[in-house]
Amino acid sequence: MRCPFCGNEDTQVKDSRPTEDNSAIRRRRFCPGCAARFTTFERVQLRELTVVKSSGQREPFDREKLLRSMRIALRKRPVDADRIDRVVNSLVRQLESSGENDIPSKQIGEMIMDALKELDPVAYIRYASVYKDFREASDFNEFVGQLAPESQPG
């Protein structure tokens, strides 16, 4: 593993342990070249996934991009970071086990929407505002009005 600080290719593993949900191995590493310490994660990858955008453009699936978009929607919300990671791991497992290598971006967006709806209603609306391209306040009102009555304050 190459050191992210100095580029040395001869780093040493000092400690390995499974993550809390046993979905990855966390490795603490040390670089003898610059004495830096850093962490890497090793995850099972069942297949190479490609995201097919609505424009037809294709790009490799990026777990970190999915995680980043969920974290943005959940920013300053009372949802534990470990819980977010577990949801992302679950979404990635669903995608990898779907049997398809090409995944439409719309499918990923809908999966994120469903997950956020369960996690936090405010994050769900935040994500929807970007995903569904809300232009005016009335777009929010219309969307919130479509939510199930039990999820609305009152």
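The values are calculated or read from the model by the stated rules, or taken from the named source; none is laboratory data. Note that the coordinates shown come from a computational prediction; the quantities given were computed from them, not determined experimentally. Cβ sites come from the backbone with ideal geometry, for glycine too, and all protein chains shown count toward neighbours.
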Inset, instruction - Keeping to the stretch 95-105, report how many residues are under 16 Å from the mean Cα position of the chain (by Cα), charged (D, E, K, R) and at pLDDT 90 or above. - result: 0
Inset, instruction - Can you work out which of the residues in the stretch 109-144 that are touching a helix residue (DSSP H, G or I) at 6+ places or on another chain (Cβ under 7 Å) and of a type in the set (Val, Ile, Thr) is farthest from Asp80 (Cα to Cα)? - result: Val144
Inset, instruction - Being aliphatic (A, V, I, L, M) and farther than 25 Å from Asn22 by Cα narrows it down to one of Ala81, Ala73, so name that one. - result: Ala73
Inset, instruction - Having 1 or more residues that are within 24 Å of Tyr124 (Cα to Cα) and modelled with pLDDT of 90 or more is the bar; report the strands (runs of 3 or more DSSP E) wholly within the stretch 1-94 that clear it. - result: 50-52
Legend entry - Filtered residue count, the stretch 3-24, keeping only those that are surrounded by 15 or more Cβ atoms within 10 Å (Cβ to Cβ) and closer than 15 Å to Val44 by Cβ: 3
Legend entry - Residues (hydrophobic (A, V, I, L, M, F, W, C) and under 25 Å from Asn22 (Cα atoms)) located in the stretch 114-144: Ala115, Leu116, Leu119
Inset, instruction - Scan the stretch 109-137 for residues that are modelled with pLDDT of 75 or more and in a loop (DSSP other than H, G, I, E, B) and jot them down. - result: Asp120
Legend entry - Criterion (among the small types (Gly, Ala, Ser) and loosely packed, with under 15 Cβ neighbours inside 10 Å) met by exactly one of Ser54, Ser69: Ser54
